[in-house]
Amino acid sequence: MFLVQRRPCATCIYSPASPLDLARLEAQIADPRMPGHFAGYRACHHAPPDSGICCAGFWRAHHDDFDGGQLAQRLGLVQYVDVDCLPQEDSL
């Protein structure tokens, strides 16, 4: 199964309010041989380390732009999850 966060986390880099340079972050995983395609995907930073859970924002923007996303969709192996191992700001 290819695990994808169901909803963007509270600090998703794909949020319109994110102060991060999204183009620079996406360039880190871009496929140098195929413009507009990615060699991998962005893992959700609110998921446990090494869980491999795909960022909901990345998935929404680029689910057809990387091999793993294309294959998971074609094979019916996309599973949406609700995993958040970081505390929410309002609960601190």
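Any idea what the relative contact order of the chain is, in percent, if you count C-alpha pairs under 8 Å spaced at least 6 apart? After rounding, I find 42 percent.
In terms of its C-alpha gyration tensor, the chain comes out oblate, because a/c is 1.5 or above while a/b does not outweigh b/c. Within the listed set 53, 13, 29, the Gaussian network model of the chain (springs between alpha-carbon atoms below 10 Å) gives the highest mean-square fluctuation for 29.
If you take all other residues with their beta carbon under 14 Å from the beta carbon of residue 3, and give Lys and Arg +1 and Asp and Glu -1, the sum is 0.
Rank these for me by crowding, 78, 83, 4, going from fewest to most other beta carbons within 10 Å.
Least crowded to most crowded, the residues run 83, 78, 4.
Could you give the size of the charge dipole of the chain about its Cα centre, using +1 on the Cβ of each K and R and -1 on the Cβ of each D and E, expressed in debye and rounded to the nearest 20?
On the way: 7 positive and 11 negative charges, 43 e Å.
Computed about the Cα centre, the dipole is about 200 debye.
Per-residue extension of 0.36 nm, minus the Cα-Cα distance of residue 23 and residue 60, leaves a gain of 11.7 nm for this segment.
Tell me, which longest segment in the chain has none of the trypsin sites (Lys or Arg not before Pro) that fall in DSSP loops with at most 16 further Cβ atoms within 10 Å?
Longest site-free region, per DSSP loop and neighbour criteria: 34-92.
Every number here is computed from the coordinates shown, using simple stated rules; none is lab data. Everything quoted here is computed from the prediction, not taken from an experiment. We place every Cβ from the backbone using ideal geometry, glycine too, and count neighbours over all the protein chains shown.
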